[in-house]
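For reference, the structure is listed below as structure tokens.
The values are calculated or read from the model by the stated rules, or taken from the named source; none is laboratory data. Just so it is clear, the model here is predicted, and its values are computed rather than measured. With ideal geometry, Cβ positions are generated from the backbone for all residues, glycine too; neighbour counts draw on all protein chains shown.
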Amino acid sequence: MQRNILITLVLISFVFVAAGCQTTSTKKPQESPAPAGKEARYPGEVSTWLKNMKPYFVADFIEKGDSVYFIVNGGEKRTGGYKVDITRVREEANEVIAEVKFTEPEDSGATTQAITYPYDVYEWKGNLNDRPVHFLHTNGDQYIPRIIGCKPISPFQAGSQNIKVLTSTFSPSEVKVKGLARVFEAQINWAFVDDQGQILEEHYVTAESGGPDWGCYKINTNDIPENAKSIEIYWRSPKDGSRQDVINMNLNLDKVQGG
């Protein structure tokens, strides 16, 4: 009897010791891998794009190394509960298609009462080989606006709601501006203005696409009026011809000429 009790006590002691050893040597579980195609960290160009286009409903892609980053912004929303999900990217013979699903908050569900900016980024390991990219709304027929031409991968130098400036060069012999615009019929107006705000000369250029897309535009001239103090970039309303989304940029030519 005493022998049985002794054996039982020894077994119980072994169990507790083993359990203690297991607790102190437990291996930390590995973190769950990110879903295929999704990345928690993006290249700098993608991060800058997201900051630049944060408030807008728009899509684009950025080629970086052996990857293509497909980006879709849902735009500014008044509450939480909105979601953008690029579900997959598939190749066709003459194009590459990014399938996008948009989710809205349920009427009966509690949502965050705050401004939100839903978006998604999908890293695709592949090569476009000059094929066009199409963003397909898989749960609706709404057109997803695109960025056509230059990429907003550097901070904007200036901007209004529908016109942005990416780069600019001002000198007594040359004025160059490149940017993006979402305007009617892709027409961008620009003018040299004197120090009294009077228009000296007005011109226009055509962006690579009109609204609702964002099209790249370029201004390049060597003909600069002598008393020009600034350049203004805008578009004119088709209703009354009024100037919209005006950006004024000081040429600073006096400082350039004075060294």
Task: Lone unmet requirement of (1) at pLDDT below 50; (2) in a strand (DSSP E or B) for I5 - done: (2)
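Residue-wise test of (1) over 25 Å from N73 (Cβ atoms); (2) modelled with pLDDT under 95; (3) in the same structural domain as M53 (by TED's automatic domain parsing); (4) not in a strand (DSSP E or B).
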{"position": "I153", "(1), (2), (3), (4)": "no, no, no, yes"}
{"position": "T169", "(1), (2), (3), (4)": "yes, no, no, no"}
{"position": "K176", "(1), (2), (3), (4)": "yes, no, no, no"}
{"position": "I233", "(1), (2), (3), (4)": "no, no, no, no"}
{"position": "D245", "(1), (2), (3), (4)": "no, no, no, no"}
{"position": "N248", "(1), (2), (3), (4)": "yes, no, no, no"}
Open item on the list: Condition first: in contact with a Lys or Arg (Cβ under 6 Å, 6 or more places away or on another chain) and either of a type in the set (F, W, Y) or under 20 Å from T48 (Cβ atoms) (or both). Now tell me which residues in the range 109-138 satisfy that.
Closed with: Y117, P118
Task: Check on I97, surrounded by 14 or more Cβ atoms within 10 Å (Cβ to Cβ) and touching a Lys or Arg at 6+ places or on another chain (Cβ under 6 Å) - done: yes
- [ ] With the condition kept exactly as written, say whether any residue in the range 137-145 is in a strand (DSSP E or B), touching a residue at least 40 places away in the same chain (Cβ under 8 Å) and surrounded by 11 or more Cβ atoms within 10 Å (Cβ to Cβ).
- [x] no
Open item on the list: Checking V246 against (1) touching a residue at least 60 places away in the same chain (Cβ under 8 Å); (2) crowded, with 17+ Cβ neighbours inside 10 Å; (3) closer than 30 Å to I71 by Cβ: exactly one of these is not met. Which one?
Closed with: (2)
Task: Of the criteria (1) of a type outside the set (K, R); (2) in contact with a helix residue (DSSP H, G or I) (Cβ under 8 Å, 6 or more places away or on another chain); (3) surrounded by 13 or more Cβ atoms within 10 Å (Cβ to Cβ), which one L251 fails - done: (2)
TODO: Could you please give the count of residues in the range 169-197 that are within 22 Å of L253 (Cβ to Cβ) and of a type outside the set (V, I, T)?
DONE: 16
Open item on the list: When you scan the range 30-42, do you find a residue that is within 28 Å of S154 (Cα to Cα), among the aromatic types (F, W, Y), at pLDDT 95 or above and out of contact with any Pro (no Cβ under 8 Å at 6 or more places or on another chain), even just one?
Closed with: no
Open item on the list: Can you confirm whether E208 is without any contact (Cβ under 8 Å) to a residue 60 or more places away in the chain, in contact with a strand residue (DSSP E or B) (Cβ under 8 Å, 6 or more places away or on another chain) and not assigned by TED's automatic domain parsing to the domain that holds E99?
Closed with: no
Task: Whichever residue in the range 62-87 is basic (K, R) and assigned to a strand (DSSP E or B) and, among such residues, is farthest from R131 (Cα to Cα) - done: K77
Open item on the list: Looking at S209 and the list (1) under 27 Å from V72 (Cα atoms); (2) outside any loop (DSSP other than H, G, I, E, B); (3) hydroxyl-bearing (S, T, Y), which single condition is not satisfied?
Closed with: (2)
- [ ] Just name the residue that is surrounded by the most Cβ atoms within 10 Å (Cβ to Cβ) out of those in the range 216-231 that are in contact with a Leu (Cβ under 7 Å, 6 or more places away or on another chain) and assigned to a strand (DSSP E or B).
- [x] I231
